[in-house]
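Everything on this sheet refers to the single structure shown next.
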Amino acid sequence: MATYTLTIPGWHPARLNHLLTGHWRPRYRLKRADADTVAFYARLGGIPRATGKRRVSLRITLGYRQRAGDPDCYWKSLLDALKTAGLIVDDDRFGVDLGPERATTILLEDVGPQAL
């Protein structure tokens, strides 16, 4: 089973509280920007599209005096971006297994049977 590491410098996914407030257009732009960023760095890193279930772990490194969000606030936009980029099959319990690490380095591991 393969493991892939996706490191995106100077970036973190949109926080959930930014996705739940206001008009739909800013939310769309935030999610689209996250999806484009993840897809770009995945292509740059040569990470293949998912063909089965993958475990996703997230480590976010904050800058000096940067405040951390809630432990779960980054997952919604990140999982949607990974699905849009084809790095996970789906963002439900059948397509992704959330790793224990909450800390943006993204680890992707093939864990399920591979579809042909």
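The values are calculated or read from the model by the stated rules, or taken from the named source; none is laboratory data. A quick note: this is a predicted structure, and the numbers were derived from the prediction, not measured. A quick note on method: Cβ atoms are made from the backbone with ideal geometry, for glycine too, and the neighbour counts reach across all protein chains shown.
Observations on the model:
- Qualifying residues in the range 13-44 (those that are part of a loop (DSSP other than H, G, I, E, B) and in contact with a Leu (Cβ under 8 Å, 6 or more places away or on another chain)) - the one nearest to residue 105 (Cα to Cα): 13
- Screening the candidates 51, 84, 37 for the property of being surrounded by 14 or more Cβ atoms within 10 Å (Cβ to Cβ), modelled with pLDDT of 85 or more and more than 15 Å from the chain's Cα centre (by Cα) yields one hit, 51.
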